Amino acid sequence: MNASNKKHEQGKPLHIHLGDDEYEHDDDEVVVIRHRSPSPSRPNTRDKGLHAQIEPQDAEEELPPSKTKIKKQMHELRDLGKELTELSKDQLDQVDIPGNLREAIHEMRSIKKFGAQRRQLQYIGKLMREVDPAPIVEKLDGWKGKSRTHTVHLHKIEHWRERLMENDNAMTDLLATHPQVDTQRLRSLIRNARKEIDTNKPPKNFREIFQLLKEIFPEP
């Protein structure tokens with residue numbers, strides 16, 4: 001009989017180690033007396049793949065833009081370049097762009113064949129990649145906003161002309177807010193414009209009503 005068996009026979013507990021836990025054994029029961037915390041796992045160095053070497057978040061940050069996103073940006077720059085070709089000379093002079101781009105836009109206006117226009121537009125789009133588009137977009141948006149305001153103003157004048165032509169009471173409504181109106185002149189224009197419609201004559205007085213209303217309602 002060895003030393004371990006002798007100790008057990010004398011009533012002393014026997015310590016048994018199985019894996020990560022230690023057990024104390026005696027004749028009556030086995031009691032777990034301590035649980036060892038597992039040591040931190042080490043990375044698997046055998047995995048040589050990209051995902052084993054780089055954290056997912058870092059991998060996303062380092063990835064280049066997708067082809068779809070790059071293509072979308074190129075189309076947007078080309079469309080912006082096309083808008084520049086549709087500006088008047090005075091408007092284009094107010095846009096801060098490089099000389100080679102300005103020259104390409106001027107050349108575009110002299111091209112008549114569709115295929116040549118398409119190639120020139122692609123060239124303009126290529127030049128646009130070297131330009132900061134933000135100031136250009138801001139400039140164009142400013143002009144578009146002004147254009148919308150102008151359109152709304154013209155619609156307002158047209159609405160008043162229709163009211164005056166269709167209903168005599170519209171004159172009273174107009175004078176209530178604009179008493180400075182030359183009432184005699186406006187009544188004469190309305191009367192003559194109605195005769196133009198009845199006799200199918202050129203709408204000379206009809207147009208003059210519009211001009212008079214533009215004076216009454218100045219553009220903001």
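Bear in mind these aren't lab numbers, they're just calculated from the coordinates by the rules spelled out. Being a predicted model, the structure only gives us computed values, none of them experimental. Cβ atoms come from the backbone with ideal geometry, glycine included; neighbour counts cover every protein chain shown.
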Q. Given the pairs Lys113/Lys144; Lys112/Lys139; Lys144/Lys214; Lys89/Lys144; Lys82/Lys156, which are separated by over 26 angstrom at their Cα positions?
A. Lys113/Lys144; Lys112/Lys139; Lys82/Lys156
Q: Using R₀ = 35 Å, calculate the FRET efficiency as 1/(1 + (r/R₀)^6) where r is the Cβ-Cβ separation of Val152 and Gln73; round to 0.05.
A: 0.60
**Q.** Cα-projected label distance for Glu166 with Ile111, points at 7 Å along beta-carbon direction, nm
**A.** 4.8
Q. Does region 93-218 come out rounded, prolate or oblate by the C-alpha gyration tensor, with a ≥ b ≥ c the root eigenvalues, rounded set by a/c under 1.5 and, if not, prolate when a/b is larger than b/c and oblate if not?
A. prolate
Q: Could you give the size of the charge dipole of region 67-132 about its Cα centre, using +1 on the Cβ of each K and R and -1 on the Cβ of each D and E, expressed in debye and rounded to the nearest 20?
A: 640
Q | Derived scalar couplings ³J(HN,Hα) [region 157-169; Karplus, 6.51 cos²θ - 1.76 cosθ + 1.60; whole Hz; x for Gly, Pro] | A | 5, 4, 5, 5, 5, 5, 5, 5, 6, 9, 9, 5, 5
